[in-house]
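**Student:** Quick one: structure below, then a few questions.
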Amino acid sequence: MAAIPSGSAMAANARYAIYFVPAAGTALHRFGAAALGYDSFTGADIPTFDALPVDAGTWRDLTHEPRRYGFHATLKAPFRLAAGRTEAELIGELEKFAATIDVAPAIEPSVRLLQRFIAIVPAAPAPAVGKLAASCVTHFDAYRAPLDDADRNRRPAVHLTARQAEYVERWGYPYVFDEFRFHLTLTAALAADIQRSVLAYLQDGFSRSHEGPIAIDRLALLRQDGLNGRFVVIVDAPIG
């Protein structure tokens with residue numbers, strides 16, 4: 001599939017990520033994009049929900065960090081291109097890789113509090129999704145530049161287990177393989193006094209906008225032009 005225009009030239013310090021992003025225009029994508037107030041397919045702000053459980057300014061604050069990434073589930077965490085690799089090569093490899101996957105795994109979704117943030121997660125273990133994520137981590141690692149000191153400083157090892165710190169050094173991200181947990185993020189960390197009301201609000205909204213399982217039926221390549229930029233979908237590759 002051809003790349004989706006992002007509306008900006010590739011920056012020298014661009015980062016890339018391989019995510020599951022629900023197809024543009026689906027009820028699931030509309031729900032998640034509205035929760036964050038941002039559509040990663042267009043790179044534009046969009047209106048959020050009406051009748052929020054908190055005031056609009058607070059809602060914008062509590063979705064500020066996930067808004068940079070767009071509504072997604074991480075399969076291969078953000079990385080810079082390795083020396084000698086190009087965006088065109090990465091795009092071609094993603095499309096070829098997606099075409100080799102015979103069956104799209106699926107989850108039965110549940111909106112839950114995950115630590116202190118709210119996300120759509122599998123209601124039951126989903127080993128096929130974990131296998132897909134592990135394949136993305138390993139298959140595309142040849143395209144990832146080694147971490148530099150700035151990358152390490154953004155994720156202090158003091159907050160990680162020994163295994164997670166090892167994964168950061170080897171794979172650039174702590175939450176891979178046995179540490180991986182599929183989640184579609186809807187908020188940043190929430191203060192304890194609003195967790196219950198925001199969770200109930202998002203659970204109700206999700207139940208009214210989506211029914212049935214979620215098929216992980218596509219791989220998206222996103223690009224971020226500069227650390228203060230937002231991630232934008234440049235390729236949306238259906239599985240199989």
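**Student:** Which one of 134, 145, 82, 157 is of a type in the set (Gly, Ala, Ser), more than 24 Å from residue 24 (Cα to Cα) and at pLDDT below 95? Even if it seems obvious, please write down each step before you answer.
**Tutor:** Numbers: 134 fails: at pLDDT below 95; 145 fails: at pLDDT below 95; 82 fails: at pLDDT below 95.
Result: 157 is the single residue among 134, 145, 82, 157 that is of a type in the set (Gly, Ala, Ser), more than 24 Å from residue 24 (Cα to Cα) and at pLDDT below 95.
**Student:** Please tell me if residue 63 is at pLDDT 95 or above, within 26 Å of residue 214 (Cα to Cα), of a type in the set (S, T, N, Q) and within 16 Å of the chain's Cα centre (by Cα).
**Tutor:** yes
**Student:** Tell me the residue from 184, 132, 160, 113 that is touching a Phe, Trp or Tyr at 6+ places or on another chain (Cβ under 9 Å) and more than 15 Å from residue 73 (Cβ to Cβ), please.
**Tutor:** After ruling out the rest, the residue left standing is 160.
**Student:** Another question, then. Kindly list, by first and then second residue, each pair from a residue in the stretch 37-49 that is free of Cβ contacts under 8 Å to residues at least 40 places away in the same chain and within 15 Å of residue 26 (Cβ to Cβ) to a residue that is of a type outside the set (D, E, K, R) and assigned to a strand (DSSP E or B), limited to pairs with Cβ atoms under 7 Å and residues at least 6 apart or on different chains.
**Tutor:** 46/38
**Student:** Something else: Do we have residue 127 as surrounded by fewer than 16 Cβ atoms within 10 Å (Cβ to Cβ), farther than 24 Å from residue 21 by Cα and not basic (Lys, Arg) here? Break it down stepwise before answering.
**Tutor:** Values: surrounded by fewer than 16 Cβ atoms within 10 Å (Cβ to Cβ): yes; farther than 24 Å from residue 21 by Cα: no; not basic (Lys, Arg): yes.
It is false that residue 127 is surrounded by fewer than 16 Cβ atoms within 10 Å (Cβ to Cβ), farther than 24 Å from residue 21 by Cα and not basic (Lys, Arg).
**Student:** State which residue is nearest to residue 65 (Cα to Cα) when the search covers only the stretch 180-199 and only residues that are of a type outside the set (A, V, I, L, M, F, W, C) and under 16 Å from the mean Cα position of the chain (by Cα).
**Tutor:** First, pick out the residues of the stretch 180-199 that are of a type outside the set (A, V, I, L, M, F, W, C): 181, 183, 185, 187, 193, 195-197.
Among the residues that remain, those that are also under 16 Å from the mean Cα position of the chain (by Cα) are: 181, 183, 185, 187.
Details: 181: 19, 183: 15, 185: 10, 187: 8 Å.
Per the stated criteria, the residue is 187.
**Student:** So, in the stretch 89-126, how many residues would count as being in a loop (DSSP other than H, G, I, E, B) and of a type outside the set (Lys, Arg)?
**Tutor:** Qualifying residue count for the region: 11.
**Student:** Further, regarding this structure: So which residues in the stretch 147-182 are in contact (Cβ under 8 Å) with a residue 24 or more places away in the chain and either surrounded by fewer than 17 Cβ atoms within 10 Å (Cβ to Cβ) or charged (D, E, K, R) (or both)?
**Tutor:** Filtering the stretch 147-182 for residues in contact (Cβ under 8 Å) with a residue 24 or more places away in the chain gives 147, 171-173, 175-177, 180-182.
Result: 177, 181.
**Student:** Identify the single condition in (1) closer than 21 Å to residue 231 by Cα; (2) part of a helix (DSSP H, G or I) that residue 85 does not satisfy, given that it satisfies every other one.
**Tutor:** Looking at each condition in turn, residue 85 falls short on (2).
**Student:** Here are 191, 237: which of them is over 20 Å from residue 120 (Cβ atoms), small (Gly, Ala, Ser) and free of Cβ contacts under 8 Å to residues at least 24 places away in the same chain?
**Tutor:** From the options 191, 237, the qualifying one is 191.
The values are calculated or read from the model by the stated rules, or taken from the named source; none is laboratory data. Quantities reported herein were computed from a predicted structural model and do not represent experimental measurements. All Cβ positions, glycine included, derive from the backbone under ideal geometry; neighbour counts span all protein chains shown.
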